Amino acid sequence: MSESKVAIVTGAGSGIGAATARRLATDGWSVLAVDLVDAVEQVAKEHDGIVAHVADLADEAANRAMVAAASDAFGRVDGLVCNAGVAGMGRIADSPIADLDRMWAVNVRAVVLGIQAAVPELRRTRGAITVTCSVSGLFADPAMWAYNTTKGGAVNLVRTAAFDLGPDGIRVNGVCP
């Protein structure tokens with residue numbers, strides 16, 4: 001069993017997720033870096049404390065498997081960073097509804113599924129959840145209606161999850177880059 005704190009970081013194959021996984025590992029955390037793409041393997045090669053896990057987080061079973069993989073690898077889960085996200089551009093009158101469906105699946109559904117899967121472990125460790133929301137969830141951007149809508153959903157999901165999980169000792173916060 002690991003002596004260090006353990007975090008799961010989604011969307012860890014690039015950008016904010018990869019930077020978060022690297023920073024946590026540098027600070028002594030053990031990290032399960034999760035992404036849909038194999039690029040997460042390269043992030044894991046950079047630090048001994050990072051283990052790569054490829055998964056489609058819009059899938060319920062994949063989220064349960066993600067938490068089980070972290071628990072199996074490190075013996076516990078202290079934090080969940082729900083960072084995976086997709087964006088897109090298009091005006092509401094011209095965009096296919098499939099764009100919204102894809103963004104909803106990753107930007108909202110995957111966050112819910114990740115939280116639900118991690119709660120039993122986080123109750124045990126009195127852990128924390130951080131969700132990468134976006135300023136686009138607080139304000140409107142032109143030609144980004146689907147992204148704005150899903151990130152607005154993520155913002156309110158964080159608020160509700162904080163109310164629901166706070167009594168269990170689980171902190172829930174969103175960040176809006």
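The values are calculated or read from the model by the stated rules, or taken from the named source; none is laboratory data. All of these numbers come straight from a predicted model, not from anything done at the bench. Don't worry about glycine lacking a Cβ; one is built from the backbone with ideal geometry, like all the others, and counts go over all protein chains shown. Protein only, heavy atoms only, side chains kept; ligands, DNA and RNA dropped before computing areas. Shrake-Rupley method; radii C 1.70, N 1.55, O 1.52, S 1.80 Å.
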In the range 144-153, residue most open to solvent (accessible area, probe 1.4 Å) [restricted to those that are part of a helix (DSSP H, G or I) and farther than 14 Å from Cys82 by Cβ]
Thr149
Is there any pair with a first residue in the range 3-28 that is basic (Lys, Arg) and a second that is not in a helix (DSSP H, G or I) whose Cβ atoms are under 6 Å apart and which are 6 or more apart or on different chains, and what are they?
Lys5/Trp29; Lys5/Asp78
Identify, please: which residue in the range 120-139 is in a helix (DSSP H, G or I) and touching a Cys at 6+ places or on another chain (Cβ under 9 Å) and is, among those, surrounded by the most Cβ atoms within 10 Å (Cβ to Cβ)?
Gly137
Of all residues in the range 154-177, count the ones that are open to solvent by less than 80 Å² (accessible area, probe 1.4 Å) and over 24 Å from Met103 (Cα atoms).
5
Just to be sure before I move on: is Gly17 of a type in the set (Gly, Ala, Ser), farther than 30 Å from Met144 by Cβ and in contact with a Ser or Thr (Cβ under 7 Å, 6 or more places away or on another chain) in the structure I sent?
no
